[in-house]
Amino acid sequence: MDKPTRTALRRLSRRSLAGAVTAVLGLSTGLLLATTSPAVAHGDHHRHQHGHHAGHRAQEVALPDGLRPEGITSGPGSRYFVGSLADGRIVTGDLRTGSSATLLPGAAGRQLRGLYWDSRSNLVWAVGNVAAEAHIWAVDARRGTVRQDTVVPGARFLNDLVVTRDAVWATDSRVDRLTVLGLGRHGTPTGTAPVFLPLTGDWPAGDGVANNANGIRQLKDGSAILNNSRVGGLWRVDPDSGIVTQVPVSGGPGIIGGDGLELDGRTLYNVRGSGQAEVSVLTLARRHGTWTATWRGALSDPRLDVPSTATLVGRTLWAVNARFGVASPDTAPYWITPLPTR
């Protein structure tokens with residue numbers, strides 16, 4: 001890595017996650033611990049109260065047929081944004097009312113995967129591709145206009161992203177590196193070219209075919225946490241050097257895979273971390289500079305059908321169902337499933 005790249009990454013990595021939420025002290029063991037509530041861990045149907053309306057169970061949100069959704073993000077409040085693998089459109093609506101409308105129209109050959117809403121700029125950042133060319137887009141969350149479209153050279157499968165105070169960080173599931181796109185004041189796009197942080201250290205090198213790095217979030221010390229779809233586990237990335245160390249996970253069946261990640265204080269939600277129809281729930285801890293994770297259980301529901309990513313609104317985690325492998329994906333129904341967290 002050349003000196004200008006190291007300098008840029010060092011400057012970007014010393015910033016904390018914009019809009020980080022207050023750390024939660026713990027999770028309700030009656031809901032999440034597999035030892036005391038195996039029905040939740042194994043997907044049996046339970047009636048839970050919605051975080052915003054006591055006594056009223058949150059209803060699933062229908063998405064347009066044939067959307068082929070993958071990424072989801074939310075804000076402000078209960079507004080959501082979902083991206084399409086079918087035509088690269090972005091659908092938005094309100095999770096409380098179940099509304100749905102097109103924010104960004106589709107385009108031939110475009111696919112969207114990870115999405116992330118930034119409260120400072122009211123931009124929805126998205127990663128994906130147009131044909132074989134990888135892109136990072138900044139989309140106005142109100143008007144649906146594209147504020148910035150960045151082509152990422154050498155990328156093969158941009159998959160997820162997180163927005164920090166000074167940068168957008170994106171995973172590439174088939175190239176072992178992070179893509180870093182600098183931001184201006186208040187999260188505004190700058191038009192600068194992306195720089196790259198190779199993943200080294202303990203990182204299990206990929207073969208360029210199977211998906212490797214997938215979900216990404218930023219920890220409170222400025223480092224990144226990743227999951228790995230191919231070999232499982234959780235992985236911490238030093239933002240200055242790119243050196244990766246595995247985060248030990250205690251308890252539970254083990255983290256054997258993963259798609260999207262959602263972080264709420266010390267609580268990490270790993271979509272499909274331990275099963276195809278559940279979201280693993282873990283508590284993160286840091287002591288003497290070392291991160292560990294404890295498996296607390298899994299959120300599940302009979303309505304889940306290969307969830308890909310999730311977003312937390314209040315006390316409900318909303319998981320979008322990608323339904324990978326469904327017959328006739330271009331005409332199949334899709335929906336977002338609410339998963340009460342406590």
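Taking max minus min of the alpha-carbon positions on each principal axis, the range 145-208 gives extents of 36, 21, 17 Å, largest first. Under a Cβ-Cβ cut-off of 15 Å, what is the net charge of the residues other than residue 123 that fall near it, where Lys and Arg count +1 and Asp and Glu count -1? Net of charged neighbours comes to +3.
Apply the a/c threshold of 1.5 to the C-alpha gyration tensor of the range 67-340 and tell me whether it is rounded, prolate or oblate. Judged from the Cα gyration tensor, the range 67-340 comes out rounded (a/c under 1.5).
Near residue 203: Cβ cut-off under 15 Å, other residues only, Lys/Arg at +1 and Asp/Glu at -1. The net charge is -1.
With all protein chains kept in place, the per residue accessible area of the range 67-340 amounts to 35 square angstrom at a probe of 1.4 angstrom. Nonpolar atom fraction for the range 242-342, defined as the carbon and sulfur part of the 1.4 Å probe accessible area, stands at 51 percent.
Overall, the range 190-299 carries a charge dipole of about 280 debye about its Cα centre when +1 sits on the Cβ of Lys and Arg and -1 on the Cβ of Asp and Glu, all other atoms neutral.
Taking 0.36 nm per residue of sequence separation and removing the Cα-Cα distance, the residue 221/residue 147 pair yields an extension gain of 23.7 nm. DSSP finds beta bridges in the range 67-340, and of those with both partners inside it, around 95 percent are antiparallel. Modelled spin-label separation between residue 342 and residue 256, with each label point placed 7 Å from Cα along the Cα-to-Cβ direction: 2.9 nm. With a ≥ b ≥ c taken as the square roots of the eigenvalues of the C-alpha gyration tensor of the range 158-248, please select rounded if a/c is under 1.5 and otherwise prolate if a/b is larger than b/c or oblate if it is not? Prolate, because a/c is 1.5 or more and a/b exceeds b/c.
For the range 123-192, the set of trypsin sites (Lys or Arg not before Pro) satisfying both a DSSP loop assignment and a count of at most 16 other C-beta atoms within 10 Å is given as 142, 143, 156. Comparing 208, 194, 233 along the charge dipole axis of the range 153-241, the residue lying farthest to the positive side is 194, per the Cβ-charge model. Computed about the Cα centre, the dipole magnitude for the range 67-340 is approximately 560 debye when only Lys and Arg (+1) and Asp and Glu (-1) carry charge, each at its Cβ. Seen from residue 212, the other residues with C-beta closer than 11 Å to its C-beta sum to a net charge of +1, counting Lys and Arg as +1 and Asp and Glu as -1.
The values are calculated or read from the model by the stated rules, or taken from the named source; none is laboratory data. Model, not experiment: these values are computed from the prediction. We place every Cβ from the backbone using ideal geometry, glycine too, and count neighbours over all the protein chains shown. Ligands, DNA and RNA are excluded from the accessible area calculation, which covers all protein heavy atoms including side chains. Shrake-Rupley method; radii C 1.70, N 1.55, O 1.52, S 1.80 Å.
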